[in-house]
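Please read the structure below before turning to the comments.
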Amino acid sequence: MHVLDNLKHLIDIKSLTTDEIEAIAQKALEFKNSTCTLKNTLEGKNVAMIFFENSTRTYFSFEMALNRLGASVYRFDTFKSSISKGEDFFDTVNNLAAIGFDACIIRTSTDGLIRKTIDEQLKERKFFKKIALINAGEGVSSHPTQALLDFVTIKEYFKNLDGLNLTIVGDIRHSRVAKSNIELLNRFGVHIKCLAPSYFRDDTIQNVEWHSVLEDAVENADIVMALRIQKERIQDIIEFEDYIKNYQLTEQNLPNDCILMHPGPVNRDVEVTSGLLNSKKGETILKQAHNGVFTRMAILDSTLGGTKNND
Ligand code: CP
């Protein structure tokens, strides 16, 4: 099986080849279905979890994945660290490398921080030793591990992605999940419609069809992906009543034969009604969270381990 080179970074979807994406998905499903032996491929690896933004799913599924693969996991307290004294991010990572860390899993609101930290090495500053940087959600631009776990989830429902119709609904402008998913799923031939009010549109996104009427947007959809309204990133006042009236997904307006996805966290009764979330359709959303563990195991095994495969 093709795996990434040891100690490779995971920056964004565009840095991955299509073969690498397929290999991660295959490995994730092997972990999930126990068709590969679980080995401590990360034994002896020290991993720092650096989360500048809150998280439930990503944080704990990474932590669980690391534990399952035998790594030692350390939580980096962003408030108690010396970043609060003004230390810059490159110096922080470099000192973690010097202490003995092999990888940092990073969530940040700063777009481009991970790429910039890696690129610094090409200029005047060098890392003390190799240290892998893994993107666990960056600004409004990228959340590659979420897109990979969504890819795994979609593959469980549909054998062939080519020609599938996906409709993404909601706050697309502020959604790093939407951007990474569009980038990944376009490569596999998925036709993507985006449904959003003008204040949540982002016309710089390519290869999607924009809609403003829900009934048109979800027509013939195989997958409908709702997004959280990201109140923390919005400066203007949002007319929630208007949003709910025109864009909320309900048991009545969601087509019967599509799957419903949402990266979480969900604002109940805003993006999706509680009735729909509590129905059979809502189960896929928890399946996404479940698949997050196996997908992150596959990512970690491919970036940090990858030396104890059966083949
Ligand atoms: N989907 C996602 O990133 O959820 P968390 O913010 O809880 O990690």
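The values are calculated or read from the model by the stated rules, or taken from the named source; none is laboratory data. This structure is a prediction, so every number in the text was calculated from the model and none was measured. Quick reminder, even Gly has a Cβ in these numbers, built from the backbone with ideal geometry, and neighbours come from all protein chains shown.
Taking the options Asn181, Asn186, name whichever one is closer than 26 Å to Ala23 by Cβ, within 16 Å of the ligand (Cβ to nearest atom), of a type in the set (S, T, N, Q) and touching a residue at least 12 places away in the same chain (Cβ under 8 Å).
None of the others qualify; the one that does is Asn181.
Under the condition of being within 16 Å of the ligand (Cβ to nearest atom) and among the charged types (D, E, K, R), which residue from the stretch 52-88 is nearest to Ser109 (Cα to Cα)?
This residue is Glu53.
Provide a single number: the residues in the stretch 117-133 that are in contact with a strand residue (DSSP E or B) (Cβ under 9 Å, 6 or more places away or on another chain) and either assigned to a loop (DSSP other than H, G, I, E, B) or over 15 Å from Phe101 (Cα atoms) (or both).
Here is the first cut: in the stretch 117-133, the ones in contact with a strand residue (DSSP E or B) (Cβ under 9 Å, 6 or more places away or on another chain) are 117-118, 131-133.
Going one step further and asking which of them are either assigned to a loop (DSSP other than H, G, I, E, B) or over 15 Å from Phe101 (Cα atoms) (or both), we end up with 117-118, 131.
So the answer is 3.
Of all residues being surrounded by 18 or more Cβ atoms within 10 Å (Cβ to Cβ) and modelled with pLDDT of 95 or more in the stretch 33-51, which is nearest to the ligand (Cβ to nearest atom)? Just the residue, please.
Phe51
Is there any pair with a first residue in the stretch 45-68 that is under 21 Å from His262 (Cβ atoms) and a second that is assigned to a loop (DSSP other than H, G, I, E, B) and more than 7 Å from the ligand (Cβ to nearest atom) whose Cβ atoms are under 6 Å apart and which are 6 or more apart or on different chains, and what are they?
Taking only residues 6 or more apart or on different chains, the pairs are Glu53/Ser109.
Going residue by residue through the stretch 167-175, is there one that turns out to be closer than 24 Å to Thr117 by Cα, under 11 Å from the mean Cα position of the chain (by Cα), modelled with pLDDT of 95 or more and within 13 Å of the ligand (Cβ to nearest atom)?
Yes, the stretch 167-175 contains a residue that is closer than 24 Å to Thr117 by Cα, under 11 Å from the mean Cα position of the chain (by Cα), modelled with pLDDT of 95 or more and within 13 Å of the ligand (Cβ to nearest atom).
Looking for whichever is hydroxyl-bearing (Ser, Thr, Tyr), modelled with pLDDT of 95 or more and touching a helix residue (DSSP H, G or I) at 6+ places or on another chain (Cβ under 6 Å) here; the options are Ser82, Ser109, Ser142, Ser72. Which one fits? If you could, list the steps in order and put the result at the bottom.
Details: Ser82 fails: touching a helix residue (DSSP H, G or I) at 6+ places or on another chain (Cβ under 6 Å); Ser109 fails: touching a helix residue (DSSP H, G or I) at 6+ places or on another chain (Cβ under 6 Å); Ser72 fails: touching a helix residue (DSSP H, G or I) at 6+ places or on another chain (Cβ under 6 Å).
The match here is Ser142.
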